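Below you'll find the structure, written out as structure tokens, and then a few comments.
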Amino acid sequence: MAEEKDVKLEFCLGKESQGASNYAEVLKHVGHQIQVVSFPRGVQVLKVAVECVTCNRVLIEYDNPEYEE
């Protein structure tokens, strides 16, 4: 699971953005392995993301609005 590994991912457009926000961008990932992962920090979840495992890219990423440091 990605949350248990030190995985380096290419973040497409930065915080709370959609790296695949249109038809052409999503079409590039048809047939690829896609997964939804969480990034825990202690007992809280820092963020969640939809990733293309095939391309090693984050397609959609959202920070947890309730995350407290």
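The values are calculated or read from the model by the stated rules, or taken from the named source; none is laboratory data. Values in this document were obtained by computation on a predicted structure and should not be read as measured data. All Cβ positions, glycine included, derive from the backbone under ideal geometry; neighbour counts span all protein chains shown. SASA here: full protein model, heavy atoms, side chains in, ligands and nucleic acids out. Shrake-Rupley method; radii C 1.70, N 1.55, O 1.52, S 1.80 Å.
Annotation note: Cβ proximity below 8 Å between a residue of the range 36-60 that is closer than 19 Å to ASN22 by Cα and a residue that is open to solvent by 40 Å² or more (accessible area, probe 1.4 Å) and among the aromatic types (Phe, Trp, Tyr) (sequence gap 6+ or interchain) occurs for ALA49/PHE39; ALA49/TYR62; VAL58/PHE11. Within the range 24-35, being exposed (fewer than 12 other Cβ atoms within 10 Å of the Cβ), more than 14 Å from the chain's Cα centre (by Cα) and not in a loop (DSSP other than H, G, I, E, B) holds for ALA24, LEU27. With the requirement that a residue be open to solvent by 60 Å² or more (accessible area, probe 1.4 Å) and in contact with a helix residue (DSSP H, G or I) (Cβ under 9 Å, 6 or more places away or on another chain), what does the range 36-52 give you? Once the filter is applied, which keeps residues that are open to solvent by 60 Å² or more (accessible area, probe 1.4 Å) and in contact with a helix residue (DSSP H, G or I) (Cβ under 9 Å, 6 or more places away or on another chain), the range 36-52 yields only PRO40. The single condition among (1) open to solvent by 70 Å² or more (accessible area, probe 1.4 Å); (2) at pLDDT 90 or above that SER21 does not meet is (2).
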